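Asks: One structure is given below, represented as structure tokens, and several questions about it will come after.
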Amino acid sequence: MAALIAENFRFLSLFFKSKDVMIFNGLVALGTVGSEELFSVVAFHCPCSPARNYIYGLAAIGVPALALFLIGVIWNNHTWNLVAECHKRGTKNFSAAATFLLFGSIMGRAAVAPVTWSVISLLRGEAYICALSEFVKPSSLDKFPAEYGAEVLARFPCRDVPANLTKFRDEVTRRLRYESQLFGWLLIGIVAVLVFLTKCLKHCCSPLSYRQEAYWAQYRSNEDKLFRRTAEVHSRILAAKNVKHFFGFVALDKEEKELVQEFPVEGVQPSPQWNAITGVYIYRENKGFPLYSRLHKWAKGVEGNGPTPEGHELLFLAS
């Protein structure tokens with residue numbers, strides 16, 4: 001049981017597997033901060049009406065966070081690798097726990113922007129004050145006039161209150177802003193602890209040395225860049241050949257003519273090859289030599305994803 005848990009927790013190294021991921025998450029967070037500030041200045045206007053404040057305040061925090069989360073899931077290449085893996089091969093190559101961890105890692109990466117949005121919204125406090133002002137108990141306010149109720153409290157965020165309630169409005173606003181910022185700081189603390197524990201688990205459970213893991217990250221980055229660049233050139237040359245075959249000629253600029261002359265393209269890769277290099281990758285070694293990606297494994301002619309006498313399954317990585 002302990003060995004199974006240790007094996008599955010190795011998968012957490014997916015979360016912070018390179019500095020590029022950290023930089024990307026930082027840029028996402030900064031972009032989210034800017035977007036939230038713009039939204040608060042331009043778009044947020046509390047209705048200051050009972051029953052509407054609560055819905056509007058929560059929607060101002062939750063709906064953009066949900067949209068950012070879904071965008072993060074869509075933009076994550078691991079999502080589509082998982083979809084391709086489930087569609088082509090199912091989940092027979094790894095355990096349910098590892099599948100859950102893979103799914104969790106995708107959700108974790110996608111959560112950067114929505115968590116940032118939620119934290120900034122809570123630290124600003126406007127949405128929280130709008131949502132909960134009408135729920136403040138009048139009895140908790142010293143000498144609050146008995147003739148006023150939730151309807152007046154709901155107008156506090158808009159400062160549209162009688163002059164004799166100004167001090168109560170300031171007190172309610174200060175109290176709710178304190179609660180909102182407290183929740184914001186607690187959320188920051190919880191996220192920081194989770195990130196720290198994830199980093200610790202990543203380094204403790206990874207079977208690779210620090211240098212080999214750094215090399216692996218560099219290899220994956222370089223392979224992805226070269227693959228995308230080569231695929232773009234290959235598709236351009238193939239398209240040029242097909243257009244020429246249809247029209248009898250093709251209008252190419254100087255750079256494209258040089259590409260066509262330098263890299264002759266005879267055909268396209270068959271679907272089985274595309275399927276072989278697409279999907280969730282299980283890092284393994286073959287006769288003691290590491291296989292760093294599905295493309296690397298295909299190039300070496302290694303079949304299958306499961307452990308064999310010559311290969312030892314180490315950890316999961318969507319790449």
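Asks: Check whether at least one residue in region 271-280 is outside the structural domain of Val83 (by the TED database), touching a residue at least 40 places away in the same chain (Cβ under 8 Å), under 32 Å from the mean Cα position of the chain (by Cα) and in a loop (DSSP other than H, G, I, E, B), and report yes or no.
Replies: We begin by selecting, within region 271-280, every residue outside the structural domain of Val83 (by the TED database); these are 271-280.
The next check asks that each one be touching a residue at least 40 places away in the same chain (Cβ under 8 Å); those that pass are 275, 278-280.
Okay, now just the ones that are also under 32 Å from the mean Cα position of the chain (by Cα), so 275, 278-280.
Applying the additional criterion that residues be in a loop (DSSP other than H, G, I, E, B) yields 278-279.
Yes; the residues of region 271-280 include at least one that is outside the structural domain of Val83 (by the TED database), touching a residue at least 40 places away in the same chain (Cβ under 8 Å), under 32 Å from the mean Cα position of the chain (by Cα) and in a loop (DSSP other than H, G, I, E, B).
Asks: Going through region 97-140 one residue at a time, which ones are under 15 Å from Glu179 (Cβ atoms) and of a type in the set (A, V, I, L, M)?
Replies: Val119, Leu122, Leu123, Ala127, Ile129, Ala131, Leu132, Val136
Asks: For region 254-279, which residues satisfy the criterion of being open to solvent by less than 80 Å² (accessible area, probe 1.4 Å) and among the charged types (D, E, K, R)?
Replies: Listed by number, the list holds a single entry, Glu256.
Asks: Take the residues in region 42-79 that are part of a helix (DSSP H, G or I) and among the polar types (S, T, N, Q), then tell me which one is least open to solvent (accessible area, probe 1.4 Å).
Replies: Asn53
Asks: Could we say that Phe289 is at pLDDT 90 or above and assigned by the TED database to the domain that holds Thr230 here? If you could, list the steps in order and put the result at the bottom.
Replies: Numbers: at pLDDT 90 or above: no; assigned by the TED database to the domain that holds Thr230: yes.
Spelling it out, it is not the case that Phe289 is at pLDDT 90 or above and assigned by the TED database to the domain that holds Thr230.
Asks: Pick out the one residue from Glu256, Glu213, Glu223 that is more than 30 Å from Thr116 (Cα to Cα) and touching a residue at least 60 places away in the same chain (Cβ under 8 Å).
Replies: Exactly one residue qualifies, and that residue is Glu223.
Asks: Could you list, in sequence order, the residues of region 127-136 that are open to solvent by 20 Å² or more (accessible area, probe 1.4 Å) and under 17 Å from Val161 (Cα atoms)?
Replies: Quick first cut of region 127-136, residues open to solvent by 20 Å² or more (accessible area, probe 1.4 Å) only: 128, 132, 134-135.
Correct list: Leu132, Glu134, Phe135.
Asks: May I pose another question? For region 126-142, state whether one or more residues are more than 20 Å from Gly57 (Cα to Cα), in the same structural domain as His78 (by the TED database), part of a loop (DSSP other than H, G, I, E, B) and at pLDDT below 90.
Replies: Yes, there is a match, as at least one residue in region 126-142 is more than 20 Å from Gly57 (Cα to Cα), in the same structural domain as His78 (by the TED database), part of a loop (DSSP other than H, G, I, E, B) and at pLDDT below 90.
Asks: State all residues of region 115-171 that are on the phi > 0 side of the Ramachandran plot and either in contact (Cβ under 8 Å) with a residue 12 or more places away in the chain or of a type in the set (Asp, Glu) (or both); if no residue qualifies, say none.
Replies: So the first thing to find is which residues in region 115-171 are on the phi > 0 side of the Ramachandran plot, and the list is 125, 143, 159.
Within region 115-171, just Gly125 meets the criteria.
Asks: Restricted to region 280-304, and to residues that are among the aromatic types (Phe, Trp, Tyr) and open to solvent by 80 Å² or more (accessible area, probe 1.4 Å), which residue is nearest to Trp216 (Cα to Cα)?
Replies: Ranking the qualifying residues of region 280-304, first place goes to Phe289.
The values are calculated or read from the model by the stated rules, or taken from the named source; none is laboratory data. What you are looking at is a predicted structure, and each value in this text was computed from that prediction instead of being measured. Glycine also receives a Cβ, built like all others from the backbone with ideal geometry; neighbour counts cover every protein chain displayed. Calculation scope for accessible area: heavy atoms of the full protein, side chains included, ligands and nucleic acids excluded. Shrake-Rupley method; radii C 1.70, N 1.55, O 1.52, S 1.80 Å.
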